[in-house]
Amino acid sequence: MSTGLTRRPGLTRRPGLGRLKAARAPLHLICLGFAVLVVLAALLAPWLSPNDPNAVDLGNALAGPSPDHLLGVDTAGRDTLSRLLLGARTSLLGPLGVVVFSTVAGIAVGLAAGWRGGRLDSVLSRSTELVFAFPGMLLAILIVSVYGEGLLAPVVALAIAYLPYVSRLTRSLVLAERTRPYVSAYQVQGHSAPQICLRHVLPNIAPIVLAQSAVNFGYALMDLAGLSFLGLGVPALTPDWGRMVFDGQTAIQHGYPLSAILPCALIVLTVVAFNVVGERWADQVARRSA
Amino acid sequence: MSFLRFAARRLVEMAVTLFGASFVVFGAMYLAPGSPASFLLSGRSASPAALQAINEQYHLDDPFLVRYFRWLGQVLQGDFGRSITYRTDVSELLADRLPATLLLVGMALVIVVVIGLALGRLGAVRGGATDSTILVTTTIALGTPSFVAAVLLQGLFAVELGWFPVGGVGDGFGDMLRHLALPALALALYLIGMLARVTRSAMLEALEGEHVTVARSRGVPEREVIRRHVFRNSLGTVLTTGGLIVSTLLVCTILVESAFSIGGIGQLLELSTTTKDFPTVQAISLIIVALFMTVNLIVDLLHPLVDPRVALGPRRSDA
């Protein structure tokens with residue numbers, strides 16, 4: 001899992017996923033629809049959820065679906081539907097944080113390395129090599145072992161682990177962009193380097209970099225859910241899909257699989273949806289810039 | 001560049017990166033809020049004498065770099081210090097637990113290579129409905145984290161059907177294989193999807209080559225064309241994913257071992273992270289990084305042998 005990205009210049013992609021052709025447009029639309037649905041559910045969770053996600057009712061533990069609890073309850077008698085809805089918030093917010101952090105920092109590093117070149121570039125490239133040696137999840141575990149559980153430490157660690165993918169791409173794009181006439185034109189007109197970078201180079205390379213970030217979202221979701229599964233991610237009481245899979249493992253062993261299968265299914269469907277949408281976007285961007 | 005010079009160069013590069021990685025692994029402890037001694041005691045209150053002992057055992061009064069190089073020297077001799085939780089040498093803990101993990105990862109690797117290559121090849125050669133089925137299946141596999149696969153497989157095949165044990169490692173080789181079958185499958189699922197995709201697209205690319213048209217027009221049987229001119233040509237590309245596959249296996253084994261309660265280094269890493277047993281976390285992190293880089297090195301060295309068309313040179317430069 002961690003970062004399933006191959007090392008090659010240009011967009012680092014899930015190998016081969018790029019070949020989903022236009023004939024499969026309905027698949028893409030279904031995925032887009034599902035992704036929107038999950039995001040909406042996460043945004044509206046507090047109003048949609050029928051019960052308190054943390055209300056424990058041990059007498060009613062592992063009960064099946066009923067009018068009170070549409071999707072049943074878990075080993076502690078907590079309402080599964082409410083936990084799924086509120087869990088969508090943490091499960092999406094974490095990866096969003098990773099993607100935003102790694103994109104902003106990656107662009108900054110890539111711009112600096114590509115534009116300035118020279119010693120700064122080689123220092124940054126060496127550090128990139130070093131970060132590549134750590135699988136994202138391992139780096140996150142290392143940081144969590146120092147800072148303790150919580151959402152922030154894993155998000156920052158994963159953002160650092162994903163940063164090189166963005167910065168390397170940005171750097172190569174900036175190198176190509178620098179040689180283009182419009183850059184020299186602005187330089188001749190006396191525009192400052194930061195101004196040219198931010199106002200002219202950045203908008204030109206943004207679609208490709210953002211497509212890369214979209215591709216990273218699915219990976220980050222899987223990594224963070226895995227950390228929660230290990231009990232190293234979100235705090236214990238916060239509803240989270242990865243944590244729900246962990247709790248559901250006991251339910252499965254008692255022969256009541258529903259409270260585990262539902263979060264499992266949601267994780268898989270969400271990752272698949274975001275992957276397909278992200279890859280398609282990356283495809284379109286690649287075709288346009290090719 | 002001759003092969004030996006290429007190998008030497010890559011070896012040096014790896015040593016440098018590994019050195020940097022060891023620095024990160026060691027330095028991480030000093031990111032913690034508070035003094036290292038209180039971190040090593042992880043909040044437990046200690047008498048001044050015990051604090052003194054900790055300070056001496058970890059040489060906390062020395063400058064940072066002195067401590068780092070002393071630690072590095074010990075690590076190079078296979079001494080990772082003492083576990084805080086288990087109160088034994090970390091190297092002993094690892095020696096106990098490494099075999100289970102290596103067997104699990106090895107089994108998963110075999111499953112990935114056999115099924116992944118077969119599926120990718122099938123999809124590229126057959127096309128049509130077979131290809132679409134494989135595409136959809138691998139898309140789902142690529143969205144399934146290993147712990148989800150572990151929990152679902154465990155629920156279906158161990159709890160519901162009772163075909164396999166629910167967890168543990170078992171005794172004796174045959175029993176171990178039976179215990180590790182489901183975990184290995186859970187570990188392999190995501191990577192089967194990835195390898196099948198890589199193989200498929202590499203073969204499709206090779207299929208478009210002119211040499212394939214030539215071979216076909218000369219009447220070479222289709223099976224031979226696929227085997228010798230398409231599959232063989234795609235192996236170089238497939239090989240480059242080797243490092244990624246092994247690193248993914250090593251990281252995901254943490255999740256799978258904890259789902260199936262297998263006493264390997266993955267579970268040990270999880271336990272020592274929750275108990276803040278830092279020497280153990282350091283050792284396992286370093287081992288995973290080192291294994292990953294070794295595999296990458298082997299892949300880089302094998303690549304020109306598998307695919308003679310690649311030029312020996314500096315690492316596929318990160319343009």
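The values are calculated or read from the model by the stated rules, or taken from the named source; none is laboratory data. Here the structure is a predicted model, which means the values were calculated and not measured. Please note: Cβ atoms are built from the backbone with ideal geometry, for glycine as well, and neighbour counts cover all protein chains shown.
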- Task: With respect to A:G33, determine if the residue is of a type outside the set (V, I, T) and outside any loop (DSSP other than H, G, I, E, B).
- Result: yes
- Residue that is farthest from B:I265 (Cα to Cα) [pool: residues in segment B:70-108 that are outside any helix (DSSP H, G or I) and without any contact (Cβ under 8 Å) to a residue 24 or more places away in the chain]: B:Q77
- Given (1) more than 12 Å from every other protein chain (Cβ to nearest Cβ); (2) closer than 29 Å to A:V285 by Cβ; (3) in contact (Cβ under 8 Å) with a residue 24 or more places away in the chain, number of the condition A:Y182 does not satisfy: (3)
- Return yes when A:P203 is under 24 Å from B:S261 (Cα atoms) and away from chain B (no Cβ under 14 Å) and no when it is not. no
- Query: Is it true that B:L153 is modelled with pLDDT of 85 or more, surrounded by fewer than 24 Cβ atoms within 10 Å (Cβ to Cβ) and under 30 Å from B:L268 (Cβ atoms)?
  - Reply: yes
- Note on the structure: Flagged in segment B:119-133 as among the aliphatic types (A, V, I, L, M), surrounded by fewer than 21 Cβ atoms within 10 Å (Cβ to Cβ) and either within 14 Å of another protein chain (Cβ to nearest Cβ) or without any contact (Cβ under 8 Å) to a residue 40 or more places away in the chain (or both), in numbering order, are B:L122, B:A129
- Task: Residues that are under 27 Å from B:S258 (Cβ atoms), within 13 Å of another protein chain (Cβ to nearest Cβ) and free of Cβ contacts under 8 Å to residues at least 12 places away in the same chain: find the helices (runs of 4 or more DSSP H) completely inside segment B:138-240 holding 1 or more of those.
- Result: B:146-153
- Unique residue being among the small types (G, A, S) and under 26 Å from B:L180 (Cβ atoms) when the list is B:S258, B:S217, B:S234: B:S258
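Yes/no per residue for (1) under 27 Å from A:R180 (Cα atoms); (2) out of contact with any helix residue (DSSP H, G or I) (no Cβ under 8 Å at 6 or more places or on another chain); (3) within 10 Å of chain B (Cβ to nearest Cβ):
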| residue | (1), (2), (3) |
| --- | --- |
| A:I107 | yes, no, no |
| A:L111 | yes, no, no |
| A:G118 | yes, yes, no |
| A:S122 | yes, yes, no |
| A:E129 | no, no, yes |
| A:P135 | no, no, yes |
| A:L138 | no, no, yes |
| A:I143 | no, no, yes |
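Matching residues to (1) more than 26 Å from A:I261 (Cα to Cα); (2) of a type in the set (A, V, I, L, M, F, W, C); (3) free of Cβ contacts under 8 Å to residues at least 24 places away in the same chain:
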position	(1), (2), (3)
A:V36	no, yes, yes
A:L40	no, yes, yes
A:P46	no, no, no
A:P67	no, no, yes
A:R78	no, no, no
A:T103	yes, no, no
A:G114	yes, no, no
A:L138	yes, yes, no
A:I143	yes, yes, yes
- Query: Among the listed residues B:V281, B:V256, B:V295, which satisfies the condition of being among the β-branched types (V, I, T), within 12 Å of another protein chain (Cβ to nearest Cβ) and under 11 Å from the mean Cα position of the chain (by Cα)?
  - Reply: B:V295
- Per-region count, segment A:186-239, residues of a type outside the set (A, V, I, L, M) and in contact (Cβ under 8 Å) with a residue 12 or more places away in the chain: 20
- Restricting attention to segment A:224-261, the residues that are among the hydroxyl-bearing types (S, T, Y) and either at the interface with another protein chain (Cβ under 7 Å from one of its Cβ atoms) or over 11 Å from A:S91 (Cβ atoms) (or both) number exactly 3
- Item | Verdict on A:L221 being within 13 Å of chain B (Cβ to nearest Cβ) and part of a helix (DSSP H, G or I) | yes
